[in-house]
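The values are calculated or read from the model by the stated rules, or taken from the named source; none is laboratory data. Source: prediction; values computed, not measured. In this analysis, Cβ positions are derived from the backbone assuming ideal geometry, glycine residues included, and neighbour counts consider all displayed protein chains. Protein only, heavy atoms only, side chains kept; ligands, DNA and RNA dropped before computing areas. Shrake-Rupley method; radii C 1.70, N 1.55, O 1.52, S 1.80 Å.
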Amino acid sequence: MARSTGEPPAANVLYVTYDGLTDPLGRSQVLPYLIGLSARGYRITILSLEKPERFERDAAAIRQICEANGLAWEPLPYHRAPPLLSSMFDAAALKRAAIRLHRCSPFDMVHCRSYIPAMAGLELKRRFGIPFLFDMRGFWPDERVEGGSWSLTNPIYRRVYAYFKVLEAKLLSEAGHIISLTRAGKKQLLTRPQFRPSDTAITVIPCCVDVDHFPLIEKQAREAARSTLSISPDARVVAYLGSVGSWYLLQEMLDFFRVYQRSHGNAVLLFVTPDDPDSIDAKANRMGIGADRLIIRSASRDEVPQLMAAADFGLFFIKRCFSKIASSPTKMGEMLALGLPIITNAGVGDVAEIVTETGCGAAIEHFDEASYETAIATLETLPHSAEQLREIARSLFDIKLGLDGYEDIYRSLIPTTDRNISTSRGA
């Protein structure tokens with residue numbers, strides 16, 4: 001929509017992300033925020049790295065979404081190989097593109113999602129004095145080590161890790177503001193001797209959910225999902241949602257399901273995942289979980305709520321390690337939005353604290369049969385209805401809350417003189 005002649009220009013924001021908009025995470029965790037911020041009066045340019053196969057398949061659809069919502073999109077190709085060098089090449093490409101875009105249409109602020117994009121933000125801040133928001137998403141160098149990507153027994157990876165820890169300190173000290181996904185992550189940052197900001201320099205914004213995209217599971221939707229998946233109407237369905245990568249404990253989740261089967265012989269374990277089903281099926285088979293008790297399906301974003309409607313509760317176990325104190329599992333908010341209670345584990349972000357404070361499920365301390373049985377018993381006596389679980393999701397993870405948090409930070413960083421920024425919280 002054209003602006004009137006006398007209307008001041010909107011604040012011009014560059015958003016830099018290593019995750020492509022054509023990635024599932026880009027669709028669910030990047031675009032919804034930016035669409036909302038655009039509706040609140042910010043003129044946003046997105047600089048992203050796109051994987052060639054996904055870009056070829058989905059670029060036209062993403063471009064249409066961006067244009068319909070007033071977002072400018074500048075995609076760059078993501079490089080997979082060679083290891084390390086490809087990441088440095090991508091980082092350099094992001095810097096060059098950010099400088100080029102700034103020279104064409106100067107930005108009022110740069111918002112960077114994670115460490116490699118933040119290198120571009122730091123460059124703009126140092127060269128042009130642009131306010132820089134470090135949306136750190138977690139302790140990325142430590143994730144690379146603890147996830148097995150960087151072995152510190154290798155001298156090359158030791159040097160790479162040391163380089164990024166030095167970079168991390170620079171980003172934390174020079175950013176105009178920092179976003180942590182968890183209260184636990186913020187608490188850890190505030191203990192660092194090389195980084196002592198005021199408490200207000202860090203805002204906690206968890207991975208939020210478009211609650212309206214995950215409707216409360218009604219009886220008719222559950223029946224339809226079970227019919228689609230050939231699940232008996234009276235079966236108990238345990239559901240996992242998302243990728244099964246190095247962080248998610250497949251073995252332990254299968255162990256839990258075997259214990260659950262003792263008291264619920266007709267139980268079914270449902271995986272809604274984009275991952276190869278063969279590896280899940282093979283491990284389940286080795287553990288004696290029959291093919292008739294295991295269902296694995298991939299789904300588009302729109303199909304996820306339809307398939308998850310078959311579930312009685314959600315399950316996810318995550319590896320406990322230092323870097324995971326900064327993690328906020330998106331699937332937690334999605335499951336609660338559907339009205340599903342959850343069983344998970346402590347030691348990951350704020351998960352256990354949220355479960356304890358809200359009574360939305362059970363968070364185990366140990367991966368053993370006694371803990372599983374206790375969690376199952378807790379699940380059977382939860383006081384909340386599905387409607388109440390959905391309200392917990394809305395009160396903690398609704399994307400509107402995330403947008404309010406981002407907007408507060410944008411306002412604190414962007415000079416407001418002669419800027420046209422909406423004051424509406426309803427967008």
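A few notes on this one:
- Put simply, the Cα atoms of the stretch 199-348 extend 52, 35, 28 Å along their principal axes, the longest span coming first.
- For the stretch 103-203, accessible area per residue (1.4 Å probe, heavy atoms of protein chains only), Å²: 43
- Panel values: the stretch 1-102, Kirkwood radius from alpha carbon pairs, Stokes-Einstein at 20 °C and 1.002 mPa s, translational diffusion coefficient 148 µm²/s.
- Alpha carbon centroid spacing (whole Å) that separates the stretch 226-261 from the stretch 323-354: 16
- Take every DSSP beta bridge whose two residues both sit in the chain; close to 0 percent of them are antiparallel.
- When each of the peptides 80-87, 310-317, 52-59 is scored by how many other beta carbons lie within 10 Å of its residues on average, the order from highest to lowest is 310-317, 52-59, 80-87.
- Amide H contacts for Ile296 (H built 1.01 Å from N in the peptide plane; partners 5 or more residues away or on another chain; cut-off under 5 Å): Phe271.
- Binning the alpha carbon pair distances of the stretch 121-189 at 10 angstrom intervals from zero yields the distribution 19, 43, 30, 7, expressed in whole percent.
- Rounded to the nearest 20 debye, the dipole size of the stretch 247-289 about its Cα centre is 280 debye, using +1 on the Cβ of Lys and Arg and -1 on the Cβ of Asp and Glu.
- Amide H contacts of Phe313 (H built 1.01 Å from N, under 5 Å, at least 5 apart or other chain): Val237, Ala239
- ³J(HN,Hα) computed for each position of the stretch 14-22 - Karplus, 6.51 cos²θ - 1.76 cosθ + 1.60, integer Hz, glycine/proline x: 9, 10, 10, 9, 7, 7, x, 5, 7
- The stretch 294-344: relative contact order as a whole-number percent, Cα under 8 Å and 6+ apart: 47
- Shown in residue order for the stretch 268-275 are the 3J(HN,Hα) couplings computed by the Karplus curve 6.51 cos²θ - 1.76 cosθ + 1.60 at θ = phi - 60°: 10, 9, 10, 10, 9, 8, x, 6 Hz (x for Gly and Pro).
- Estimated from helical segments only, the mean residue ellipticity of the chain at 222 nm is -13500 deg cm²/dmol, where each DSSP H run of four or more residues counts as -39500 (n - 2.57).
- The shape of the chain comes out prolate: with a ≥ b ≥ c from the C-alpha gyration tensor, a/c is at least 1.5 and a/b beats b/c.
- From most to least packed by mean Cβ count within 10 Å, the peptides 138-148, 241-251, 225-235 give 138-148, 241-251, 225-235.
- Think of the stretch 216-264 as having a plus end and a minus end, set by charges on the Cβ of Lys, Arg, Asp and Glu; of Ile217, Met253, Ser243, Ile217 sits farthest toward the positive end of this dipole.
- Computed magnitude of the charge dipole of the chain (debye, nearest 20; Cβ of K, R +1, Cβ of D, E -1): 1540
- Rounded to the nearest 10 Å², the accessible area of Tyr33 at probe 1.4 Å: 10
- Percent carbon-and-sulfur accessible area, the stretch 184-299, ignoring ligands, DNA and RNA, probe 1.4 Å: 48
- Probing with 1.4 Å while keeping every protein chain in the model, the per residue accessible area of the stretch 277-427 equals 42 Å².
- The value of relative contact order for the chain, using C-alpha pairs under 8 Å at least six residues apart, is 17 percent.
- Between Leu71 and any residue 5 or more places off or on another chain, the built amide H atoms are never under 5 Å apart.
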